[in-house]
Amino acid sequence: AQKITQTQPGMFVQEKEAVTLDCTYDTSDPSYGLFWYKQPSSGEMIFLIYQGSYDQQNATEGRYSLNFQKARKSANLVISASQLGDSAMYFCAMREAGGQAGTALIFGKGTTLSVSS
Amino acid sequence: GAGVSQSPRYKVAKRGQDVALRCDPISGHVSLFWYQQALGQGPEFLTYFQNEAQLDKSGLPSDRFFAERPEGSVSTLKIQRTQQEDSAVYLCASSLVPGAGNTIYFGEGSWLTVV
């Protein structure tokens, strides 16, 4: 079964508007972390935001916020005030505690975001 | 160094050739990961080290793939007898300590093309 599901292959948004990128996950481990990464065409994987399974509040980092709905197992990324430089591939990822060592980070298939002026 | 460093950045290999890809994690980082990313796809997990111990190699696609981290810092991913389907970006990543909540930092990747 897929652990991370991103159902939007592509999203389009106008500059200065907000956009939500969807992510659902599947795990039976009560302790896990959820991550969002941005990958521009250059290929570098840039860390954006992190949400822990026990965190009470939704994570925020500047223009990025994570809409964490634990019961629905969703962790959507919200980008406010989109900029042209936000155009990139966005990946949702999860890491389970799996004991002391933790497990590998597992990625979804990604969403391509295109921001237009 | 300041970030995860990978070399070579670009490699063209003839089919059947062996290749070695190097990863220098962020200094002091205990966990190290290798991923394979095909064009337009998400990264696929290959293998995971905690210090020098290879804790998980379940993602290695065949016995032609081998990874090591002998001294718990630099890691090498070796691909023997390369095939065209091995063409991909190979990403290395590291995190300071194990555990679900620790940020994982990626290198820029090694772009492998097998011709």
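The values are calculated or read from the model by the stated rules, or taken from the named source; none is laboratory data. All values derive from a computational prediction rather than experimental measurement. All Cβ positions, glycine included, derive from the backbone under ideal geometry; neighbour counts span all protein chains shown. Ligands, DNA and RNA are stripped out before the accessible areas are found, and what is left, the full protein with its side chains, is counted by its heavy atoms. Shrake-Rupley method; radii C 1.70, N 1.55, O 1.52, S 1.80 Å.
In table form, for the structure just shown:
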read-out	value
Condition broken by B:W111, with the remaining ones in (1) hydrophobic (A, V, I, L, M, F, W, C); (2) in contact (Cβ under 8 Å) with a residue 40 or more places away in the chain; (3) surrounded by 20 or more Cβ atoms within 10 Å (Cβ to Cβ) satisfied	(3)
Members of segment A:56-98 found to be open to solvent by 70 Å² or more (accessible area, probe 1.4 Å) and over 12 Å from A:Y25 (Cα atoms), listed by number	A:Q56, A:Q57, A:N58, A:T60, A:E61, A:G62, A:Q83, A:L84
Residues of segment B:18-70 satisfying the condition of being touching a Lys or Arg at 6+ places or on another chain (Cβ under 7 Å), open to solvent by less than 40 Å² (accessible area, probe 1.4 Å) and among the aromatic types (F, W, Y)	B:F49
Subset tally (residues that are buried (at least 20 other Cβ atoms within 10 Å of the Cβ), within 9 Å of another protein chain (Cβ to nearest Cβ) and under 20 Å from B:R9 (Cα atoms)) for segment A:37-55	2
Unmet requirement for B:L55, which otherwise passes all of (1) touching a residue at least 12 places away in the same chain (Cβ under 8 Å); (2) closer than 30 Å to A:Y54 by Cβ	(1)
